[in-house]
Amino acid sequence: MAEAKGKVAVLSGDGIGPEVMEATLRVAEAVETSHGFKLEWKKGLVGGAAIDAKGKALPDETVELCKSSTAVLFGSVGGPKWESLPPNEQPERAALLPLRKIFGLFANLRPAVLYPELTGCSPLRPERVAGGFDVLIVRELTGGLYFGQPKETVKKGSGERAVDTMAYETHEIERVTEVAFRAAEERKKRVTLVDKANVLESSLLWRKTVKALAAKYPGISLDFIYVDNAAMQLVRDPGRFDVLLCENLFGDILSDEAAAVAGSLGMLPSASLGQGRFGLYEPSGGSAPDIAGKGIANPIAQILSLALMLDMSFGQRAAAESIRAAVAGAIREGWRTADIASPGEKSQGTREMAGEIARRIASGSGKR
Ligand code: NAD
């Protein structure tokens, strides 16, 4: 086995986080062995678990651990136990938002994939999703309405006036657009910019900037869609899209819509990227307190987050592909956790599903 090259901060968090992370680390071990590399995996506290042990959701030692790592493999945080805390101390707000800020994570990638064998999980009619689909939403994460200034509520007459500002600068658009174009190069080579250029000044700057950058990527086709139409097309024909590039608010909404039409949150990974190779990788869903501790959570979102991490932060593309192939193979051959099983269909637990994926990787049998 090769010497460890690169360090991963493993932050399991709360709810199903620790269960799906434990299962995922088995898959990590299998892929390290089969592909002859070794990473250093270091666990840290985050979220409610960190509040209980250290009094805050993102302890200093966890920040230090992340700073000394190439990537963060994140579980999920939050749960009923911490919901009565003041908003700023709640696990999600007090852990994830500071991590995004500290590490300048400006691009959020959320693949929404519906496997052909799981079309029954989608709320859409079977003929709309026949054959499944594979859409990647690239969302700008640190600008727009959520951060633009002024952002305030002031007294006005007998009432109040509240303002949020949707502001973008060229460089903020350029860096996330580069991420979208590079992702499209590995996919079907189509980028669709989601905007509202018929009414928003900021959307005009997005169009101008993205069009200018497109010249650097002659192999990628670029088109544009208004956000209201994009929301409609995602439920009419999600398979028509490849990469959807969105500013922060539009991406927040559309990525949840795409996740919903893909069926289960238990299948969907995500990546948040900054400059360089650093990234934070986590399932798109939350801590699922309703099923935590029962051993039935779907580990695939976390396992596919591992694949994204190996690919994007460590350049281990073949290892990532073998994980994806093992997941696709297990699904194809009928392995189901409860969230993706048809009514009456037998389902497997978290460990069994991860064990099957690890077995496929070890035996090299997970070919697509
Ligand atoms: P959720 O995503 O945790 O759960 C929504 C539904 O999806 C539940 O029925 C759950 O059982 C199911 N689900 C999610 N992941 C699954 C998996 N891997 N396997 C099977 N089923 C799965 O959303 P919620 O219920 O709104 O939030 C629960 C907690 O999670 C809250 O405290 C919320 O703040 C937190 N949360 C955290 C994150 C994060 O850590 N990034 C994101 C969203 C929500």
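The values are calculated or read from the model by the stated rules, or taken from the named source; none is laboratory data. Worth saying up front: this structure is predicted, and the values here are computed from it rather than measured. Because the Cβ atoms are built from the backbone with ideal geometry, glycine has one as well, and the counts that use them run over all protein chains shown.
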Lone unmet requirement of (1) more than 17 Å from Met309 (Cα to Cα); (2) of a type outside the set (Gly, Ala, Ser); (3) away from the ligand (no atom under 16 Å from the Cβ) for Val46: (3)
Every residue from region 272-287 that is among the hydrophobic types (A, V, I, L, M, F, W, C) and away from the ligand (no atom under 14 Å from the Cβ): Leu273, Phe278
Residue among Asp290, Asp311 that alone is more than 9 Å from the ligand (Cβ to nearest atom) and either surrounded by fewer than 22 Cβ atoms within 10 Å (Cβ to Cβ) or more than 21 Å from Asp134 (Cα to Cα) (or both): Asp311
So Asn108, is it in contact with a strand residue (DSSP E or B) (Cβ under 7 Å, 6 or more places away or on another chain) and at negative phi: yes
Meets criteria (more than 15 Å from the ligand (Cβ to nearest atom), of a type in the set (Val, Ile, Thr) and touching an Asp or Glu at 6+ places or on another chain (Cβ under 6 Å)) for Thr153: yes
Strands (runs of 3 or more DSSP E) fully within region 241-302 counting 2 or more residues that are in contact (Cβ under 8 Å) with a residue 12 or more places away in the chain and hydrophobic (A, V, I, L, M, F, W, C): 243-246, 269-273
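Yes/no matrix, rows are residues, columns are (1) within 17 Å of Phe250 (Cα to Cα); (2) of a type outside the set (Lys, Arg); (3) at pLDDT 95 or above; (4) in a helix (DSSP H, G or I):
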{"site": "Ala130", "(1), (2), (3), (4)": "no, yes, no, no"}
{"site": "Val138", "(1), (2), (3), (4)": "yes, yes, yes, no"}
{"site": "Pro150", "(1), (2), (3), (4)": "no, yes, yes, no"}
{"site": "Ala162", "(1), (2), (3), (4)": "no, yes, yes, no"}
{"site": "Ile173", "(1), (2), (3), (4)": "yes, yes, yes, yes"}
{"site": "Thr177", "(1), (2), (3), (4)": "yes, yes, yes, yes"}
{"site": "Arg182", "(1), (2), (3), (4)": "no, no, yes, yes"}
Flag if Phe250 is more than 14 Å from the ligand (Cβ to nearest atom), under 27 Å from Gly104 (Cβ atoms) and among the aromatic types (Phe, Trp, Tyr): yes
Near pairs, Cβ below 6 angstrom, 6+ apart or cross-chain, from region 30-51 (more than 30 Å from Gly364 (Cβ to Cβ)) to any residue that is of a type in the set (S, T, N, Q): Gly44/Thr62; Leu45/Thr62; Val46/Thr62
Selection within region 179-208 - among the acidic types (Asp, Glu) and loosely packed, with under 15 Cβ neighbours inside 10 Å: Glu185, Glu186, Glu201
Candidate set from region 336-360 (those that are in a loop (DSSP other than H, G, I, E, B) and of a type in the set (S, T, N, Q)); member that is surrounded by the most Cβ atoms within 10 Å (Cβ to Cβ): Thr337
Options Val243, Val227; residue that is at pLDDT 95 or above, surrounded by fewer than 23 Cβ atoms within 10 Å (Cβ to Cβ) and over 16 Å from Pro123 (Cα atoms): Val227
Some residue of region 71-81 being exposed (fewer than 12 other Cβ atoms within 10 Å of the Cβ) and among the charged types (D, E, K, R): no
Total residues in region 19-42, condition part of a strand (DSSP E or B) and farther than 16 Å from Met309 by Cα: 0
So Leu234, is it under 22 Å from Arg128 (Cα atoms), under 24 Å from the mean Cα position of the chain (by Cα) and at pLDDT 95 or above: yes
In region 247-293, the residues that are assigned by TED's automatic domain parsing to the domain that holds Phe224 and acidic (Asp, Glu): Glu247, Asp252, Asp256, Glu257
Qualifying residue in region 97-114 (condition: more than 30 Å from Val210 (Cα to Cα) and of a type in the set (A, V, I, L, M, F, W, C)): no
Residue match in region 263-271 (condition: within 26 Å of Thr70 (Cα to Cα), over 13 Å from the mean Cα position of the chain (by Cα) and within 12 Å of the ligand (Cβ to nearest atom)): no
Selected residue [over 16 Å from Ala320 (Cβ atoms) and under 22 Å from the mean Cα position of the chain (by Cα)] from Gly78, Gly55: Gly78
Residues located in region 65-88, provided they are within 13 Å of the ligand (Cβ to nearest atom) and outside any strand (DSSP E or B): Val77, Gly78, Gly79, Pro80, Lys81, Trp82, Glu83, Ser84, Leu85, Pro87
